[in-house]
Structures are given as structure tokens and as C-alpha cells.
């Protein structure tokens with residue numbers, strides 16, 4: 001049972017703050033690190049794996065600092081997001097080299113076991129430079145598993161995988177989580193995290209935005225104010241009818257767009273209210289489209305909340 005503790009950690013590169021005062025604990029089971037691209041997920045994972053020092057704060061495994069601690073490294077397996085590898089090596093040579101670097105008693109047996117786990121045994125004698133992106137992801141996974149770590153850190157592990165490969169990796173991670181290993185994987189796709197993680201940590205713009213199980217995070221996202229662009233046959237009369245209902249927090253008549261900008265605080269209530277009000281008033285709806293459904297806007301709401 002291994003736990004990674006991140007205590008008031010920040011990391012900056014020159015004048016750029018990549019991670020800002022983050023505190024969280026990653027325990028046994030599967031945890032999803034969720035956030036848009038550029039949120040600081042990779043920087044956090046590199047600090048957890050010991051490849052990057054915090055600018056301030058501390059990162060520890062079971063109370064032992066990770067940075068520059070070779071003994072701790074032997075308990076951690078890392079699958080980085082970057083695709084670059086030693087293209088002149090075969091998959092076998094790549095995984096075997098990592099087994100030998102860990103000083104394993106039987107590196108060949110360990111490499112074979114790891115390649116079998118990720119279903120790369122048949123392609124092990126090909127050079128990694130000939131691999132597809134999904135195959136590279138799997139051989140990186142084998143390299144991370146070769147020393148049988150208690151902690152597994154994966155940065156966007158499903159990138160480039162076909163559906164069958166994704167299902168296989170998900171099943172593998174579920175097995176590791178059920179065995180009591182500490183598994184953390186990053187993603188910018190909420191549905192991807194939903195399928196795997198028992199616990200979710202959300203980061204946005206380097207800050208810790210939310211923490212909890214999937215239902216809590218989904219509820220935070222669903223219950224946020226929703227904004228819509230509505231075009232109708234009589235915008236002003238429709239606005240008057242909508243504003244009288246508690247499902248809307250604000251309505252603006254946009255003359256340039258010739259539409260209404262509606263902020264709904266009750267998503268379910270508004271989706272029922274709008275067609276009913278329009279029908280009763282004899283108003284025809286031309287367009288109803290979300291105005292703020294980008295992933296970044298959803299995550300930004302979590303930060304402000």
C-alpha cells in the first residue's frame with residue numbers, strides 16, 4: 001500500500017508558473033488526474049516520479065521524499081506522454097535495458113513478462129521507430145512495469161490507441177488497482193476518467209480545482225451556470241417570459257447576433273421550460289445552442305467555484 005503526498009507544491013520555469021500551491025494525496029487504487037491541455041498535469045506527474053524537483057513544497061512516497069532518492073524510484077513506474085524513444089532499439093532491447101538498469105536478478109524473464117502483459121511479444125523484435133503510436137504507448141507501458149512497481153504513473157496513456165488496445169489497457173489498470181497498487185493516470189477527457197477512476201483530482205492552469213469521486217465532479221460540472229444562444233421569432237417577448245422563471249439567472253438581448261444570451265442555473269428546468277414557454281406564447285425557436293461548453297470553460301468554472 002503506497003501513498004504519494006503532494007504538499008503545497010509549486011513549480012515554475014523562469015517566469016512561467018506551471019504548478020501553483022497544489023496539495024493532494026494519491027493512494028492505492030486508480031486515481032484520474034483530469035484537466036485541459038496545459039493545466040500542469042505532466043509537470044505534476046514528473047515531480048511525483050522523481051524526474052523533476054518542486055520549486056517549493058514537497059513530494060513524498062509514504063513519507064519519504066522522492067526527489068533524488070534512488071530507492072524510491074524502484075517503487076515507481078512512469079509512462080510519459082512524449083512519444084520520442086530510442087528508435088534504433090527493438091521493443092525487446094528497450095524493455096530489457098530498463099530491467100537491467102533496475103538491477104533485476106532475471107532481467108530477461110522480467111522483460112518477457114512485461115511485454116506479454118501489454119500484448120507486445122509478437123512485435124518485440126521490431127525497431128521501435130517502426131511502431132505506431134499505440135504500439136509505442138504499449139512498449140513504454142512494458143518498460144514501466146518491468147520492475148513490478150507498487151506505484152504506476154501514466155501521462156495520457158490512451159493517446160494513439162485503437163479501441164481494442166484501449167480496452168485491454170483499461171482492464172490491465174483495473175487489475176493493478178484491485179491488487180492494491182497505486183495507479184494514477186492523466187487525461188483531458190472526462191468520459192475516459194469515468195470508466196476507470198475511483199477518485200478524481202482536477203487541475204486547471206496549475207491550480208488544484210476539485211477533488212472527489214466521479215459523481216461529485218460530474219455534479220459540479222452539471223450544476224454550474226449554463227449559457228445558451230437562443231434565436232427566435234420574437235426575442236424580446238421570449239426574454240420577458242423566461243426571466244420570470246427561476247431557471248434563468250440572466251438574459252441579454254444581443255443586437256449584433258440578433259439573439260438572446262441566456263444564463264440558466266437549472267439545466268433540467270431550463271431545457272423543459274424553453275420549449276413550453278415558446279409554444280404557449282406562439283414563438284418559433286430557430287436556434288438553441290450552448291455558448292460555453294468547451295472543456296476549458298467547464299474547468300474554469302471549477303476553479304472559480
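Brief remarks follow.
- Degrees separating the helix 133-145 axis from the principal Cα axis of the chain, which is the longest one: 50
- Computed over the chain: relative contact order in percent, which uses C-alpha pairs under 8 Å that are six or more apart: 20
- Degrees between helix 295-304 axis and first principal axis of the chain (Cα, 0 to 90, nearest 10): 80
- Per-residue Cβ neighbour rank within 10 angstrom, fewest leading, 284, 166: 284, 166
- Order of 12, 92 under a 10 Å beta carbon neighbour criterion, fewest first: 12, 92
- FRET efficiency for residue 122 and residue 191, using Cβ-Cβ distance with R0 set to 35 Å, rounded to 0.05: 0.70
- Most to least packed among 146-155, 1-10 [average Cβ atoms within 10 Å]: 146-155, 1-10
- The range 109-265: translational diffusion in µm²/s, Stokes-Einstein, Kirkwood Rh over Cα pairs, 4 °C, 1.567 mPa s: 67
- Taking the C-alpha atoms only, the angle from helix 267-281 to the longest principal axis of the chain is near 30 degrees.
- Each of 287, 43 has some number of other Cβ atoms within 10 Å of its Cβ, and from fewest to most they run 287, 43.
- Taking every C-alpha pair closer than 8 Å and separated by at least 6 residues, the mean separation divided by the residue count of the range 122-210 gives a relative contact order of 25 percent.
- Stokes-Einstein D for the range 4-221, Kirkwood Rh over Cα pairs, 37 °C, 0.692 mPa s (µm²/s): 186
- Antiparallel DSSP beta bridges within the chain, as percent of all bridges there, nearest 5: 65
- For the range 1-61, a Kirkwood radius taken over Cα pairs fed into Stokes-Einstein (25 °C, viscosity 0.890 mPa s) yields D = 206 µm²/s.
- Segment residue 84-residue 174, length gained on full extension (0.36 nm per residue, minus Cα span): 29.7 nm
Where a number appears in this text, it was derived from the coordinates with a stated rule and is not lab data. All values derive from a computational prediction rather than experimental measurement. Positions of Cβ are backbone-derived with ideal geometry, glycine not excepted, and every protein chain shown enters the neighbour counts.
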